[in-house]
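J.: What follows is a structure written as structure tokens; I'll ask about it next.
The values are calculated or read from the model by the stated rules, or taken from the named source; none is laboratory data. All values reported here derive from a predicted model rather than from experimental measurement. Neighbour counts run over all protein chains shown; Cβ positions are idealised from the backbone, glycine included.
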Amino acid sequence: MARSPQKHHKDELTERRILVGDDDAGVRDVLAQLLAGEGYHVITASSGQESLDLLTVEDEAKRPEIALLDIKMPGMDGITILQRMLEQGKDVPVILMTGYTTASLAIKAMQMGAADYLTKPFTELDEVLIAVERALRYEDLKRGVGVQLVPTSKTDPSERIVGSSPDMVKIFKTIGQVARTPATVLVTGETGTGKELMAEAIHNASDRRTGPLIKVNCAALPETLLESELFGHEKGSFTGALNQHKGRFEAANRGTIFLDEVGEMTLGTQKKLLRVLQEREFERVGGNVPVKVDVRVIAATNRNLRDEVAANRFREDLFYRLNVIAIHMPPLRERIEDIPALVNHFLDKHRYSPASTPTRITEEAVAILRTHDWPGNVRELENIIQRAVVLSRGNIITPDHIVFQNELNRYVLDIEQKVRTNTSFDDILRDVKRETLLAALRLNDQDTARAAAQIGLSEEQFHVALVEAKLANDLEPASQEVLPRLVRDA
């Protein structure tokens with residue numbers, strides 16, 4: 001969601017020079033009056049060459065600080081002006097305007113470094129002012145005028161786990177105590193908290209670091225394939241077994257095996273894993289010769305295995321074998337104080353280009369990150385920072401560049417467009433209801449009871465509305481599970 005910059009006081013804008021380049025005298029006059037009324041010093045040009053001359057003048061005191069240029073002008077178009085400015089090393093933010101929008105034109109404009117891209121006729125003149133203010137504010141940030149940037153961290157770039165909150169320090173101490181022992185470790189925590197990185201840290205700090213770290217995602221393979229992947233198989237043990245295959249446990253001998261999402265294992269595979277933990281041996285699928293291994297086992301899950309044991313979905317004896325050393329990765333919302341360090345780490349990791357210096361970020365943008373509830377945890381933060389680096393072109397990340405996943409999913413209903421295309425009143429209402437239901441579910445983690453309460457419906461009314469909107473069968477699996485079967489099948 002775009003965040004509009006704060007309005008500048010008129011006194012702050014006095015003497016800020018802005019060029020309006022357009023071959024349409026009417027457009028020039030309207031924009032000149034609008035901008036002059038806000039306190040800008042306006043310069044106008046009626047052709048591409050005249051605009052370029054003003055933007056590339058050597059005397060910086062006479063050069064415009066920002067330009068609004070029509071793309072289609074006599075003699076030279078706005079894209080060419082951008083190219084010539086780039087060639088001459090003149091860095092003036094340019095907002096391009098056009099009444100002939102095409103996908104390729106918009107893409108080309110942004111690739112060439114345009115600060116913004118506006119379509120004519122303007123639906124609201126305020127959008128011009130907002131675009132100008134945003135571009136000027138961003139230019140000030142780049143030049144260090146009134147900028148408050150988060151200090152660059154001095155952490156070791158080789159570190160992959162970042163954090164200094166009490167919970168993380170406690171985890172680091174635990175790793176230091178147990179890494180050099182052969183003890184089995186169970187890492188728990190929500191998706192995206194960094195359980196795999198924790199396994200790497202334990203392996204790298206152990207005496208087994210000279211051996212391999214073998215990773216297995218237990219949720220990614222069906223039971224028959226998982227058993228063969230873990231323990232291997234003999235030639236001819238099943239259709240397609242043309243050769244003997246050594247499994248991941250053998251590959252991890254004298255090293256570490258990381259069993260991610262171990263809670264997804266079936267009871268049959270759990271029994272075979274238990275034998276490996278107890279006796280340090282197993283038999284390949286289709287074989288009867290025991291294979292001895294010396295392997296450190298690290299398991300991870302986002303499930304509560306105690307609850308899984310109580311529900312008879314996970315073996316109690318295996319749980320205790322895995323839970324020798326327990327490490328719980330806290331969700332990001334419980335270690336907000338680590339966000340600045342994590343942000344700096346990801347800015348260093350995700351540079352705009354290999355030769356670029358790390359992108360900077362404003363304190364205002366970090367303050368927004370601190371207010372988010374982070375359902376996707378550290379992985380979500382990394383994705384947001386990587387996206388922000390791209391949107392900011394590797395310069396400075398401001399609140400405008402922070403886009404959360406729920407905002408990317410937000411649906412904008414263009415009522416005017418629907419009326420213009422003769423959409424019926426009933427169809428418009430249906431779309432509004434549908435998006436309201438989806439938004440309520442999204443904002444309440446797919447909990448239908450809470451979603452219903454938020455929009456003033458009973459849970460039964462909410463279920464009926466889902467069916468009427470034909471959403472019941474399109475929801476995420478987690479939502480479908482809580483829908484009463486009779487309602488879902490209606």
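J.: For T210, which of the numbered conditions (1) surrounded by fewer than 16 Cβ atoms within 10 Å (Cβ to Cβ); (2) in a helix (DSSP H, G or I) fails to hold?
T.: (2)
J.: I want to confirm something. Restricting to region 91-112 and keeping residues that are touching a helix residue (DSSP H, G or I) at 6+ places or on another chain (Cβ under 6 Å) and assigned to a loop (DSSP other than H, G, I, E, B), which single residue is modelled with the lowest pLDDT?
T.: Per the criteria, the residue is M112.
J.: Among the residues of region 195-207, is any under 22 Å from E281 (Cβ atoms), without any contact (Cβ under 8 Å) to a residue 60 or more places away in the chain and either assigned by TED's automatic domain parsing to the domain that holds L274 or part of a loop (DSSP other than H, G, I, E, B) (or both)?
T.: Looking for residues that are under 22 Å from E281 (Cβ atoms), without any contact (Cβ under 8 Å) to a residue 60 or more places away in the chain and either assigned by TED's automatic domain parsing to the domain that holds L274 or part of a loop (DSSP other than H, G, I, E, B) (or both), one finds at least one in region 195-207, hence yes.
J.: For the structure I just gave you, tell me whether E234 is over 16 Å from D294 (Cα atoms), among the acidic types (D, E) and at pLDDT 85 or above.
T.: no
J.: Next up: Mind listing whichever residues of region 369-384 are among the charged types (D, E, K, R) and over 17 Å from N444 (Cα atoms)?
T.: R370, R379, E380, E382
J.: Scan P74, P121 and give me the residue that is farther than 21 Å from L34 by Cβ and in the same structural domain as D23 (by TED's automatic domain parsing).
T.: Going through P74, P121 in turn, just one is farther than 21 Å from L34 by Cβ and in the same structural domain as D23 (by TED's automatic domain parsing): P74.
J.: Continuing with this model, one more query. Test T448 against the criterion of being under 30 Å from L136 (Cα atoms), in contact with a Ser or Thr (Cβ under 9 Å, 6 or more places away or on another chain), among the β-branched types (V, I, T) and modelled with pLDDT of 70 or more, and give yes or no.
T.: It is false that T448 is under 30 Å from L136 (Cα atoms), in contact with a Ser or Thr (Cβ under 9 Å, 6 or more places away or on another chain), among the β-branched types (V, I, T) and modelled with pLDDT of 70 or more.
J.: Can you report the number of residues in region 315-367 which are over 26 Å from V297 (Cα atoms), in a loop (DSSP other than H, G, I, E, B) and not charged (D, E, K, R)?
T.: Total meeting the criteria: 9.
J.: Collect the residues in region 277-303 that are assigned to a loop (DSSP other than H, G, I, E, B), surrounded by 13 or more Cβ atoms within 10 Å (Cβ to Cβ) and out of contact with any His (no Cβ under 6 Å at 6 or more places or on another chain), keeping them in residue-number order.
T.: The answer is R280, G287, V293, V295, N302, R303.
J.: Return the residues of region 320-367 that are of a type in the set (V, I, T), in contact with a helix residue (DSSP H, G or I) (Cβ under 7 Å, 6 or more places away or on another chain) and free of Cβ contacts under 8 Å to residues at least 60 places away in the same chain; say none if nothing qualifies.
T.: Within region 320-367, I336, I339, T359 meet the criteria.
J.: For region 176-198, which positions are under 23 Å from the mean Cα position of the chain (by Cα) and either surrounded by 14 or more Cβ atoms within 10 Å (Cβ to Cβ) or among the charged types (D, E, K, R) (or both)?
T.: The answer is T188, G189, E190, G192, T193, G194, K195, E196, L197, M198.
J.: Determine whether region 246-259 contains at least one residue that is assigned by TED's automatic domain parsing to the domain that holds F172 and either farther than 28 Å from L197 by Cβ or modelled with pLDDT under 90 (or both).
T.: So far as region 246-259 goes, yes, one or more of its residues are assigned by TED's automatic domain parsing to the domain that holds F172 and either farther than 28 Å from L197 by Cβ or modelled with pLDDT under 90 (or both).
J.: Moving on to the next point. Can you say whether A388 is under 23 Å from the mean Cα position of the chain (by Cα) and small (G, A, S), as far as the supplied structure shows?
T.: yes
J.: Does L242 qualify as being free of Cβ contacts under 8 Å to residues at least 24 places away in the same chain, out of contact with any Gly (no Cβ under 6 Å at 6 or more places or on another chain) and either over 20 Å from R296 (Cα atoms) or hydroxyl-bearing (S, T, Y) (or both)?
T.: yes
J.: Take the residues in region 113-128 that are of a type in the set (S, T, Y) and surrounded by fewer than 18 Cβ atoms within 10 Å (Cβ to Cβ), then tell me which one is modelled with the highest pLDDT.
T.: Within region 113-128, the match that is modelled with the highest pLDDT is T119.
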